[in-house]
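Let me begin by presenting the structure, written as structure tokens, before commenting on it.
Each value in this text was obtained by applying a stated rule to the coordinates, not by laboratory testing. Small disclaimer: the values here were computed from a predicted structure and weren't measured. Reconstructed Cβ throughout: ideal geometry from the backbone, glycine too, with neighbour counts over all protein chains shown.
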Amino acid sequence: MSDHRSRGARLRRRGLSVPALLAFAVLITVTIPIWLPVAVLADAARMRFRLPIARLLAFGAVFAALAAWEIWSPRRTDAARSRRWPINLGLAAGNALLVRLLAPLSGASVALVAERWSFGVFRALDLPVAVEWTAALVLLDLAVYLQHRLFHAFRWLWRWHRLHHADPGFDVTTGIRFHPVEIAVSLLYKGAVIAAIGASPSQALVFEVLLNAGAMFSHANITVAADGWLRQVIVTPDMHRVHHSPIRDEQDSNFGFCLSLWDGLFHTYRPAPRAPHETMRIGVDPAGR
């Protein structure tokens with residue numbers, strides 16, 4: 001309990017008060033349904049096949065490539081893959097079904113309605129296409145970084161995120177191992193951000209594909225020869241593996257999923273774990289911190 005109090009104090013010192021964060025969470029929950037009139041259902045129906053197929057093809061290609069890379073050049077000795085993979089893949093399949101059921105709440109659907117109503121910051125700025133695309137992807141990545149920090153900062157959110165950290169191994173399937181409640185909360189949160197900034201449906205879709213690919217890559221059990229310079233731009237497996245340590249100060253670092261700059265900017269970057277990557281402990285007690 002003292003850990004969470006001290007963590008809350010650190011957030012307040014950085015201008016993130018608990019009441020403000022709770023108010024933001026309530027605002028997201030209350031206002032998202034406003035953006036889901038009958039028009040959303042119609043737009044979701046129109047995109048019913050196109051978007052899932054595009055995401056599925058991208059997911060399958062990235063997953064297959066990383067799984068093959070893990071066999072060809074693994075970073076660590078396999079940790080009970082035969083027991084872990086059915087669990088992780090089962091969770092991923094269930095979450096995919098949940099996302100389909102919540103399709104009207106998806107980022108692309110929310111973006112369609114925001115576009116129809118000319119809502120969002122970008123629509124008031126009339127930015128050049130390249131600038132708007134860059135800004136949309138960078139801001140959405142920042143939003144996911146902040147979301148990740150929140151899931152670690154508050155016990156009621158950590159309760160769901162803990163499932164991701166309870167994996168005793170670290171490979172491509174860890175990147176798709178999440179609790180369904182976390183998936184639903186994340187869907188609402190990203191939808192609110194997409195509506196607020198005025199990201200287009202195409203930008204929302206591309207970001208989701210990049211986020212999924214980045215999550216799988218950053219958790220992959222692979223040897224990356226160019227890790228030193230690559231992590232200057234994107235989150236690498238060696239960088240993110242530190243975050244999956246059961247040691248608290250290591251776990252409270254390297255929160256990024258795609259772009260690595262946020263950990264440096266917000267002073268949460270840790271270059272390496274205390275133990276070697278090949279032998280460091282992975283995962284937390286499923287019933288504890």
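In vacuo Debye scattering of segment 95-139, one point per C-alpha: log10 I(q)/I(0) at q = 0.20, 0.30, 0.31, 0.32 Å⁻¹? Per q value, in the given order, log10 I(q)/I(0) is -0.75, -1.05, -1.08, -1.10.
In a shell of Cβ-Cβ distance under 15 Å around residue 183, excluding residue 183 itself, what net charge do Lys and Arg (+1) and Asp and Glu (-1) give? Net local charge, residue 183 excluded: +4. Between residue 83 and residue 233, the simple label model (points 7 Å from Cα in the Cβ direction) yields a spacing of 4.0 nm.
Could you compute the net charge surrounding residue 259? Neighbours are other residues with a C-beta less than 15 Å from the C-beta of residue 259; K and R count +1, D and E count -1. Intermediate results must be reported in sequence, preceding the final value.
Details: positive: 149, 231; negative: 141, 263.
After counting each charged neighbour, the total is 0.
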